Amino acid sequence: MPPAEIVVAVIGSAAQSALVRASQASVLGVTSRGIFLSLPPHRVVFLSYETYRGPLTLNLQGDVQALQRLSSHFPVQVTPDRIAFPSLGLVLRYGQSANWAAPAPPQKRLNPDQIQANLTGLAGLVLEQRAGAPTSPGAALLEAYRTNKDACQTKGAHRAPLPDRDIIILGKDLQAALQTRQVQALATALGAFLGMGPGLTPSGDDLAAGFLLALHRMQRFSAREWEALGEALLPVAYQKTTTLSASLIECACQGQADERLVTALDGLLTGAPDLPTCAGMLLSWGSSSGVDALAGMALAFLNTEKSKRVRP
């Protein structure tokens, strides 16, 4: 009897590159939204039941009920056009899937004052809609930013109570590193966030990814500078945090991320989509991941006019 088949409707650019080089994989985690697969040596892809696209995402089409019988460490076979689960008698075909990558950054952007106003408004919407939810490092930083922009600077860092003060001080250090215009300083400051918090994507990693994505879509660095930053930061990321987080940070260094982050960020930069739509996008990305990524974006926006280029 031939194996049952599920069609992959869309495949992210980074997922496709990883699968082409792989011959085997294993189940890393099972969630209500999809399955995480670990591919050696250092890559994770996501088999998603949802329609949101991303660089590491394969969007499945059809009946996915059989996949819900998977558990961690299930063996998986990979070929250039399919992913097979022999124990389930199931194959996912992706050879004819539509490819997805983040669109080019917007060339027409609002002026800095308008962007800052959008950021303040979006931070307020996100925090209000999360009222009563567990706090996160990003939420603490956003609250400081929303109530007093100087809270991300030295004065605010000294006023803020522990443990919120720690994340604000790290944010201040990251902004200072950005203004040094030196890649190694920036990689060191970002490295302080890596692994901060529990889960497959700790809060500090989501913040770092949001920061990098914002800088990329604002086109602050040259291709050579991004290459140098990746060489300095990514070995630390793959050693210090989860493989999934490190993979997402690597994608952010290439201007790639879940389309919800890209859409929300472009909304800040251009005014479209509107802020309520952007807030909904961010809040749908993990329990607090979107909030933490927004905090990283905020750090990238503040004072960036003084740091349009960094030095290797």
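About its Cα centre, the dipole of the range 14-113 is roughly 140 debye, where the only charges are +1 on Lys and Arg Cβ and -1 on Asp and Glu Cβ. Sorted from greatest to least, the principal axis extents spanned by the alpha carbons of the range 2-132 come out as 59, 38, 29 Å. Ordering Gly255, Trp226, Ala131 by Cα displacement along the dipole of the chain toward the positive end leaves Trp226 in first place; charges were set at the Cβ atoms of Lys, Arg (+1) and Asp, Glu (-1). A full extension of the chain between Glu227 and Thr79 corresponds to an added length of 50.3 nm, given 0.36 nm per residue minus the alpha carbon distance. In plain terms, the bigger the Kirkwood radius, the slower the diffusion; for the chain, with that radius from Cα pairs, at 4 °C and 1.567 mPa s, Stokes-Einstein puts D at 65 µm²/s.
Please label the shape of the range 1-44 as rounded, prolate or oblate, based on the square roots a ≥ b ≥ c of the eigenvalues of the alpha-carbon gyration tensor (a/c under 1.5 means rounded; beyond that, a/b larger than b/c means prolate, else oblate). Rounded shape, in that the Cα axes give a/c under 1.5. About its Cα centre, the dipole of the range 199-312 is roughly 420 debye, where the only charges are +1 on Lys and Arg Cβ and -1 on Asp and Glu Cβ. Size descriptors for the range 222-273 (Cα atoms only): Rg and Dmax, in that order, 13.1, 38 Å.
Computed from Cα atoms, the angle from the helix 164-180 axis to the main principal axis of the chain rounds to 80 degrees. Rank Ser13, Ser288, Ser71 by mean-square fluctuation in a GNM of the chain with C-alpha springs under 10 angstrom and give only the top-ranked residue. The residue that fluctuates most here is Ser71.
Roll a 1.4 angstrom probe over the protein heavy atoms and tell me the percent of accessible area of the chain that is carbon or sulfur. Walk me through the numbers before you get to the answer.
Values: 7150 of 13510 Å².
For the chain, the apolar C and S fraction of the accessible surface comes to 53 percent.
Its alpha carbons considered, the range 208-301 gives a radius of gyration followed by a Dmax of 13.0, 38 Å. Compared with the direct C-alpha span, the chain from Ala66 to Gln96 gains 8.6 nm at full extension, assuming 0.36 nm per residue. Charge dipole of the chain (Cα centre as origin; +1 on each Lys and Arg Cβ, -1 on each Asp and Glu Cβ, all else neutral): 560 debye, rounded to the nearest 20. Of the candidates Phe301, Phe85, Phe46, which one comes out as most mobile in a Gaussian network treatment of the chain with C-alpha springs shorter than 10 Å? Its mean-square fluctuation being the largest, the pick is Phe85.
Based on the alpha-carbon gyration tensor of the range 74-143 and its eigenvalue square roots a ≥ b ≥ c, which shape applies: rounded if a/c is under 1.5, prolate if not and a/b is larger than b/c, or oblate? Could the numbers behind the result be given before it?
Values: a/c = 4.88, a/b = 1.86, b/c = 2.62.
The shape class here is oblate.
Heavy-atom accessible surface of the range 1-146, averaged per residue, reaches 50 Å², computed with a 1.4 Å probe. With the simple spin-label model, which puts each label point 7 Å out from Cα in the Cβ direction, the Gln179 to Lys108 separation comes to 3.3 nm. Taking square-rooted eigenvalues a ≥ b ≥ c of the alpha carbon gyration tensor, is the range 157-248 rounded, prolate or oblate, where a/c under 1.5 means rounded and, failing that, a/b exceeding b/c means prolate? In terms of gyration-tensor shape, oblate.
Work out the FRET efficiency for Tyr49 and Arg21 from their Cβ-Cβ distance, taking R0 = 22 Å, and round it to the nearest 0.05. It would help to have the intermediate numbers written out before the result.
Numbers: r = 25 Å, r/R0 = 1.15.
Rounded to the nearest 0.05, the efficiency is 0.30.
The values are calculated or read from the model by the stated rules, or taken from the named source; none is laboratory data. Since the structure is predicted, the reported quantities are computational estimates derived from the model, not experimental observations. Cβ coordinates were reconstructed from backbone atoms using ideal geometry, including for glycine residues, and neighbour counts include every protein chain displayed. Just the protein is used for accessible areas: all its heavy atoms, side chains included, with ligands, DNA and RNA removed. Shrake-Rupley method; radii C 1.70, N 1.55, O 1.52, S 1.80 Å.
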